[in-house]
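Down below is the structure, laid out as structure tokens.
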Amino acid sequence: MTAPATAVPVGEGLFSVDPPALLGARCRACGALRFPVAAFCAACQRDDLETIRLATEGELYVFSVIHAPPPGYAGEVPYAVGIVELADGLRVTSTILAEELEDLAIGDRVRFELLPIGDVVSYAYRRA
Amino acid sequence: MSDVVFVGVGMHPFGRFDASAVDLGVLALREALADAGVAWSDVDALFCSHMYAGTGAGHKIAAALGYTGIPITNLENACSGGGAAVLAARQALLSGDYETVVAVGIEKMPRGFMDMDYFDGWRQVIGHAVNPLQFAFGAARHMHEHGTTERQLALVAEKNHAHSVHNPKAMYRREITADEVLASRRVVDPLRLLMLCTPNEGAAAAVLTRRPAAAGEVRLRGQGLKTALRGQAIGEHMPTDSPVVDGVEGVTRRAAHEAYERSGLGPDELDLVELQDTDSATEIIATEELGLCAVGEGGALVESGATRLGGRLPVNASGGLLSKGEPVGASGLGQVYEVVNQLRGRCDRRQVERARIGLTHSLGAGGNCSVLILEGV
């Protein structure tokens, strides 16, 4: 999905719009990865980090379909949130999209896309 | 050798009330002092756990009881605050600076999903700030890996509600069948409304002192307080990310290990357990992580009836959080209230026979876990 040109990302250091991908921080010293980007490495405490794009494909490690809107949420219910396991060696919490949320299953292949929520742009992985 | 002795406990019922959290705390603490036979003027320090009660809540409790000039510390450790207050009280006693201290937990919470500033603003906007989501993740992975069934989840709620009928301080005091649980509305799949505890209001307190425990008294036998490790993918630290590694021990297992080591006791020696049943799945998983059964057998354990009152090892004889509700700052001390009274044989129709050793377990936001092992002397 292409985000409207005027839409604002919901947070800094979460994802790039072009190309669409999650952003992560990789420690040049120890190789540890984090999402979202960070100022220093929480594994070795060094400051030498580079911002990288994380894998745009992954596998659904776990998910839940949520039926009641939590405080502050700008989107609609029901919706799904899960943890996606990326080939980078990182598990990230993400909104999960699918034609039919009821058919989602652990182990499903998913692909990154941008997701407008309210008047901001967020991120999701969609069941392939 | 000197013991940390629970000389008195008190609890305001958990539910919904007009009174403020501080008012509830005053009532619980006065009950604990009366139970202990200790005068307020003889208390040397106060520790107050809460999450929503605002500035100086413990100080306001002390002011209501009378300004005695003692040191007062407020603690915020979310759902495991009560356990943390007890551990702070223990450390104060062991420092040798104080003879008698009190721990009081209070809370008054909004209805529905917890509105937690633990989550960054962007996580709230996109709907990731769902407190029970982590419980749903835990449930879903457990079902996937071990074949745990929805009915087993429902049986946890059925069991704890059956216990609550005998607890006058629980919020919900009627039997609820597994079928009713399975017919309740979906909230965070696979968890349904009656598989989740209710955030509510209440207070509980304990009076502790340091001396050799006398016959009939309850002493702290061991304790563990831990937080989650990076690599624990699912838990109350509710991470945005975690590295793909397997075999990272969950925080409950690590806290329990510490408590067992310090007490010199093992799970086979427990007579009762009050654990964090924020939801049915967390009870099933905690029974495994506390070592009450093997990994993957928590569902079968509840099904077997072993954890019912009258079973081999009753779990949540009080009705648990599923029946009492969970006023987060107070719930850990509510567990202490139950276990102390069980070990003194004061629990009437929910009394666990010949109870001598009891364990409490609370989990909280940030990935906190506290485990206490209490012994009736």
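The values are calculated or read from the model by the stated rules, or taken from the named source; none is laboratory data. All figures in this text were calculated on a predicted structure; none of them were measured in a lab. Positions of Cβ are backbone-derived with ideal geometry, glycine not excepted, and every protein chain shown enters the neighbour counts. Quick note on the areas: whole protein, heavy atoms, side chains included, nothing else; ligands and nucleic acids left out. Shrake-Rupley method; radii C 1.70, N 1.55, O 1.52, S 1.80 Å.
See the values below:
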| item | result |
| --- | --- |
| Furthest towards positive pole of dipole, A:PHE63, B:LEU333, B:SER184, structure part the protein assembly as shown, Cβ charges | B:LEU333 |
| Of all accessible heavy-atom area on the protein assembly as shown, the percent that carbon and sulfur account for (1.4 Å) | 48 percent |
| The range A:2-124: relative contact order in percent, alpha carbon pairs under 8 Å with at least 6 residues between | 25 percent |
| Mean projection area, nm², convex hull over Cα of the range B:64-145 | 9.3 nm² |
| In the range A:46-128, the GluC sites (Glu not before Pro) that fall in loop regions by DSSP, at most 10 other Cβ within 10 Å | A:GLU76, A:GLU99, A:GLU100 |
| Only Lys, Arg (+1) and Asp, Glu (-1) charged, at Cβ; the protein assembly as shown dipole about Cα centre in debye | 880 debye |
| Karplus (6.51, -1.76, 1.60) ³J(HN,Hα), θ = phi - 60°, over the range B:288-305, in Hz, Gly and Pro reported as x | 6, 6, 7, x, 6, 7, 6, 4, x, 9, x, x, 5, 4, 5, 4, 6, x |
| Cysteines in the protein assembly as shown lacking a second Cys C-beta under 4.7 Å | B:CYS48, B:CYS79, B:CYS197, B:CYS293, B:CYS347, B:CYS369 |
| Fully extended contour minus Cα-Cα distance, from A:ALA87 to A:ASP119, at 0.36 nm per residue | 8.4 nm |
| Order of exposure, largest accessible area first, which applies to B:HIS161, B:HIS237 with probe 1.4 Å | B:HIS237, B:HIS161 |
| Lys, Arg +1 and Asp, Glu -1 on Cβ, resulting dipole of the range B:205-254 about Cα centre, debye, nearest 20 | 440 debye |
| Unit charges at the beta carbon, dipole of the range B:180-274: most positive-side option, B:VAL251, B:PRO267, B:ALA203 | B:ALA203 |
| Relative contact order of the range B:259-377, pairs being alpha-carbon contacts under 8 Å that are 6 or more residues apart, as % | 31 percent |
| Gaussian network model of chain B, Cα within-10 Å springs - most flexible of B:ASN131, B:ASN77, B:ASN200 | B:ASN131 |
| Percentage relative contact order, the range B:274-325, counting C-alpha pairs under 8 Å, at least six apart | 37 percent |
| B:VAL244 paired with B:LEU182, simple spin-label distance in nm, labels 7 Å along Cα-to-beta-carbon | 3.6 nm |
| Charge dipole (the range B:1-99, unit charges on Cβ, about Cα centre) - positive-most of B:ALA39, B:ALA19, B:GLY83 | B:ALA19 |
| Restricting the range B:283-377 to trypsin sites (Lys or Arg not before Pro) in coil, as DSSP defines it, with at most 10 other Cβ within 10 Å | B:ARG354 |
| Delta accessible area of at least 30 Å² on complex formation, residues of the range B:230-262, 1.4 Å probe, chain isolated as reference | B:ARG230, B:ALA233, B:THR240, B:ASP241, B:SER242, B:VAL244 |
| Karplus-derived HN-Hα couplings along the range B:365-377 (A = 6.51, B = -1.76, C = 1.60, θ = phi - 60°), whole Hz, x at Gly and Pro | 3, x, x, 7, 9, 10, 10, 10, 10, 10, 10, x, 8 |
| Residue-count net charge about B:SER362 - beta-carbon cut-off 11 Å; Lys, Arg +1, Asp, Glu -1 | -4 |
| Amide hydrogen neighbours beyond the local backbone of B:CYS48, cut-off 5 Å, H modeled | B:THR73, B:ASN74, B:LEU75, B:VAL104 |
| Whole-Hz ³J(HN,Hα) from phi, Karplus 6.51 cos²θ - 1.76 cosθ + 1.60, for the range B:35-45, glycine and proline x | 4, 7, x, 10, 7, 3, 5, 9, 7, 9, 6 |
| Test item: Cα-centred dipole of the range B:73-129, Lys/Arg +1 and Asp/Glu -1 on Cβ, debye | 200 debye |
| Where trypsin sites (Lys or Arg not before Pro) fall in DSSP loop in the range B:177-264, at most 16 other Cβ within 10 Å | B:ARG185 |
| For the range B:1-57, convex hull of alpha carbons as volume per residue, Å³ | 119 Å³ |
| Accessible area (Å², per residue) of the protein assembly as shown, counting only protein heavy atoms and a probe of 1.4 Å | 38 Å² |
| Euclidean distance between Cα centres, the range B:321-351 to the range A:56-128, Å | 39 Å |
